[in-house]
Amino acid sequence: MPNRHDPDAAGRGSEKVRPHSVPSGLGDLPWELPHTFLGLDEPADSFERADAILLPVPYESTTSWGGGTRRGPAGILSASRYVELYDQEFDCEPGARLSIHTLPAIELTRAGATPAMQELQEVYGRVADAAGDRFVLMLGGEHSVSSPAILAQAERHSDRISVLQMDAHADLRGEYEGTANSHASAMARVLDRADVVGVGLRAVSQEEVDVSRASTASTLIWADEMWENDAWMDRALEALGPKVYLTFDVDYFDSSLVPSTGTPEPGGGDWYRTLRFLKRVFAEREVIAADIVELAPVPGLNAPDFLVAKLAYKLISYRFQARLT
Ligand SMILES: [Mn+2]
């Protein structure tokens with residue numbers, strides 16, 4: 001059952017789906033798509049029925065160069081309303097077959113990075129409890145929001161979890177610019193609670209390489225390894241345990257694809273190779289939750305926002321790929 005209007009429906013005169021928020025007598029008016037992920041209409045029991053939950057966290061405080069990640073969630077949601085629901089990979093409309101619910105954004109305290117991260121760990125834990133088996137996809141915000149989410153997920157699972165970190169950077173600095181809660185320390189803070197597999201790395205400090213080599217919990221997969229053949233995919237999967245938290249920093253992508261990020265780096269991931277890998281990860285491991293962080297929308301530059309919105313749709317589709325094929 002389609003639960004999104006066809007954006008062309010009014011012009012074509014075909015039947016539209018009445019949004020739940022308007023009375024039945026007005027259902028035929030030319031309403032815009034709802035401001036939800038993919039423009040999906042959300043009935044009153046949308047959270048209860050959901051397979052996947054989107055949690056926007058527009059938090060930004062320690063971004064070191066280009067700012068604007070606080071506008072990331074809104075940019076992703078806005079672009080997602082124009083993504084085609086049909087996906088030829090599954091020969092169906094995953095967004096119509098699955099139930100997806102978009103939560104309002106979380107507004108964290110502005111009292112500083114440490115209280116904000118403490119608050120987020122509690123907030124995220126409560127959302128995860130309420131979500132139960134539903135797939136939670138958090139939309140950042142800067143990369144520091146991932147650590148509280150990962151720590152909250154680690155607390156919820158008795159077995160040690162693995163983190164798959166798609167990123168140009170290792171984020172393994174002990175602290176950066178005076179705070180241990182920096183985006184540049186996001187993975188350092190979880191290394192004693194989770195195994196971390198970084199993929200697509202290409203801007204890493206000597207200190208971080210040393211931290212990684214000294215730790216059995218850290219695996220680094222460099223971006224230049226990814227171009228010769230697919231052996232890196234097996235190496236990444238071997239390093240991941242059965243339960244995986246996926247954190248996707250959009251600067252993983254080549255800077256030509258996603259220039260709209262705080263620290264863009266050349267030589268990053270491309271679209272289809274990345275999707276091929278992610279599809280395998282979701283098929284061969286249990287991905288317990290995920291986030292997408294560090295999109296900093298540039299006004300008038302829609303392509304990166306659209307790419308990231310489509311990536312979010314792919315992650316949700318891959319998570320439920322067994323139901324779509
Ligand atoms: Mn990064």
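Of everything in the range 251-270 that's near the ligand (Cβ under 9 Å from one of its atoms), of a type outside the set (Val, Ile, Thr) and in a loop (DSSP other than H, G, I, E, B), which residue is surrounded by the fewest Cβ atoms within 10 Å (Cβ to Cβ)?
Here the answer is 265.
Just for the range 157-179: of the residues that are more than 15 Å from the ligand (Cβ to nearest atom) and free of Cβ contacts under 8 Å to residues at least 40 places away in the same chain, which one is farthest from residue 252 (Cα to Cα)?
158
Out of curiosity, is residue 149 at pLDDT 95 or above, crowded, with 20+ Cβ neighbours inside 10 Å, outside any helix (DSSP H, G or I) and out of contact with any His (no Cβ under 6 Å at 6 or more places or on another chain)?
Values: at pLDDT 95 or above: yes; crowded, with 20+ Cβ neighbours inside 10 Å: yes; outside any helix (DSSP H, G or I): no; out of contact with any His (no Cβ under 6 Å at 6 or more places or on another chain): yes.
In short, no.
Any idea which of 247, 274, 216 is of a type outside the set (A, V, I, L, M) and in contact with a Ser or Thr (Cβ under 7 Å, 6 or more places away or on another chain)?
Step by step, each of 247, 274, 216 is checked, and only 247 is of a type outside the set (A, V, I, L, M) and in contact with a Ser or Thr (Cβ under 7 Å, 6 or more places away or on another chain).
Identify all residues within the range 180-201 that are touching a strand residue (DSSP E or B) at 6+ places or on another chain (Cβ under 7 Å), within 15 Å of the ligand (Cβ to nearest atom) and part of a loop (DSSP other than H, G, I, E, B); write none if there are none.
Within the range 180-201, 182, 187 meet the criteria.
Where residues in the range 304-317 are over 11 Å from residue 52 (Cβ atoms) and not aliphatic (A, V, I, L, M), which of them is surrounded by the most Cβ atoms within 10 Å (Cβ to Cβ)? Before you say what the answer is, go through the steps one by one.
Here is the first cut: in the range 304-317, the ones over 11 Å from residue 52 (Cβ atoms) are 304-311, 314.
If we keep only those that are not aliphatic (A, V, I, L, M) as well, we get 304-306, 310, 314.
Details: 304: 23, 305: 26, 306: 17, 310: 19, 314: 21.
Ranking the qualifying residues of the range 304-317, first place goes to 305.
The values are calculated or read from the model by the stated rules, or taken from the named source; none is laboratory data. All of these numbers come straight from a predicted model, not from anything done at the bench. Note: ideal-geometry Cβ built from the backbone for every residue, glycine included; neighbour counts use all protein chains shown.
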